[in-house]
1. Multiply the residue gap between Phe350 and Val391 by 0.36 nm, knock off their C-alpha separation, and tell me the result in nm, one decimal place.
2. Please give the helix 72-86 orientation as an angle from the longest Cα principal axis of the chain, in degrees from 0 to 90, rounded to the nearest 10.
3. To make sure I understand the rule: partners must be aspartates and glutamates, Cα under 14 Å from the Cα of Lys260, and not fewer than 8 residues away in the same chain. Which ones qualify?
4. Name the residue, out of Lys117, Lys352, Lys217, whose mean-square fluctuation peaks in a Gaussian network model built on the chain with Cα pairs under 10 Å.
5. Convert each backbone phi in segment 271-287 into a coupling constant with the Karplus relation 6.51 cos²θ - 1.76 cosθ + 1.60 (shift: θ = phi - 60°), then list the ³J(HN,Hα) values in order as whole Hz, x for Gly and Pro.
6. Counting only pairs 8 or more places apart or on different chains, how many lysine pairs in segment 3-93 have C-alpha atoms closer than 22 Å?
7. Taking the Cα centre of segment 237-391 as origin and charging only Cβ (+1 Lys, Arg; -1 Asp, Glu), how large is the dipole, in debye to the nearest 20?
8. Would you compute, from DSSP H runs of 4+ residues alone, the mean residue ellipticity of the chain at 222 nm, taking -39500 (n - 2.57) per run and dividing by the full residue count, rounded to the nearest 500?
Amino acid sequence: MPHIKFKNFSITDFKPDRFRATEVLFIANDSTLRSTMVGVKLKGVEFLLELKRDRRGSWILKYDKVTRPLDVNLLKEAIGDIADGLNLDIIYSNIRLSKVPIANSAEKSIESFENIKFPYDKLSIEVGFGSGKHILYQADHNRDELFIGIEIHTPSAQQLLRQIELKGIDNIWVVNYDARLLLEMLSSNIADRLFVHFPVPWDKKPHRRVISPQFLKEAMRVLKVGGRLELRTDSPKYFWYSLETFLGEGVEQSELLIRKNVDLDVISKYEARWRRESRDIYDISIISREESPERDIEIDFTFNSLRFNSKLIDNPPKGSHIFDGFFISLKKIYIVNKSSILLKLSFGSFDKPEQKYIFIDRDRSYYFGMEPIKSYTNYKAHMAIEEMLNV
């Protein structure tokens, strides 16, 4: 990912300012002065860059994983603007702007799904599209249907956006986020198909698997009557685990279709290799047979009373705070100035936590970059965060 390495730099000379098109909003240091977070705004998008010093005395300016925009050119442009504005002595750089434009119309932020309208009557969702070969094929052969591809791996999402641009496909939306959280934002009874092809098995960390009782519940809610969740895997353990989940406690009714070693119209290069190795491929489809009630997600993540207090620096809440169904963990405190701080937190559901930054000064407090997903679990965590930080 984009970054620059440079030398002969004095951090005390770096102040909030406008550097060409990039506005530096604030500069926040951790207590060790080993890491500095730079709040920037470019083309209406706010995100963080991280400034660090290595053991040899050189400096690195790079992207922040939590707030990074999907358009990598925004990251590169912001880093380049700051580098030029400060006249940095650059040792290494990989911030050349991409020659292949990213299909911005296909990119959808997680916030856009709060009040979104779908341009097609048919809707399919692919969770973890990888190289994008399957979703590109499906969209190209079903032009009257919208396909939403959800991928947590940013380079894969960027690659799909470039392929969409090159192939001229206009019925794919790309979301670079955790699919489990996005499903909670979608309306009930809207999707015809939900593809989960070759998810990471996570044999040693089963709690990280996409398929779970909660995921199944959300998938059945989002699917139309007659719609289906299609799982495809080369892992026997994942197959049996998923089958048990689809038939498990709390599932009142299931209609399943199970297949083994049945070819699809399009397969990935990995599946082709597995076939050459004579590995078995398993399919499980679970079909929705009940109409689900609509979900009310009128949730507000405003901090009503949280303001700066020096006690947050002197005596911050430590460790993980466990509640009924969620947790809160303060990861790091960054000092902006005498009356402003930036907090990094992890919170929410145990199996799909959020990581966010909260900016706090004497006048206001807000989530920097992007608010949490509007789930009830996150809302309960948000209320507990305000109470916990109001010291």
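1. Numbers: separation 41, 0.36 × 41 = 14.76 nm, distance 2.52 nm.
This chain segment gains 12.2 nm when fully extended.
2. Its long axis makes an angle of about 10 degrees.
3. The reachable aspartates and glutamates, counting only those whose Cα sits under 14 Å from Lys260, are Glu230, Asp234, Glu271, Asp280, Asp283.
4. Lys117
5. 5, 4, 5, 5, 5, 4, 8, 6, 7, 6, 10, 10, 10, 10, 10, 10, 9
6. Total qualifying Lys-Lys pairs in segment 3-93 comes to 27.
7. Values: 23 positive and 25 negative charges, 233 e Å.
It comes to approximately 1120 debye.
8. Values: 9 runs with 90 residues, N = 391.
One gets -7000 deg cm²/dmol as the mean residue ellipticity at 222 nm.
No value in this document is a laboratory result; all are computed from the given coordinates. Here the structure is a predicted model, which means the values were calculated and not measured. Backbone-built Cβ (ideal geometry, glycine too); neighbour counts: all protein chains shown.
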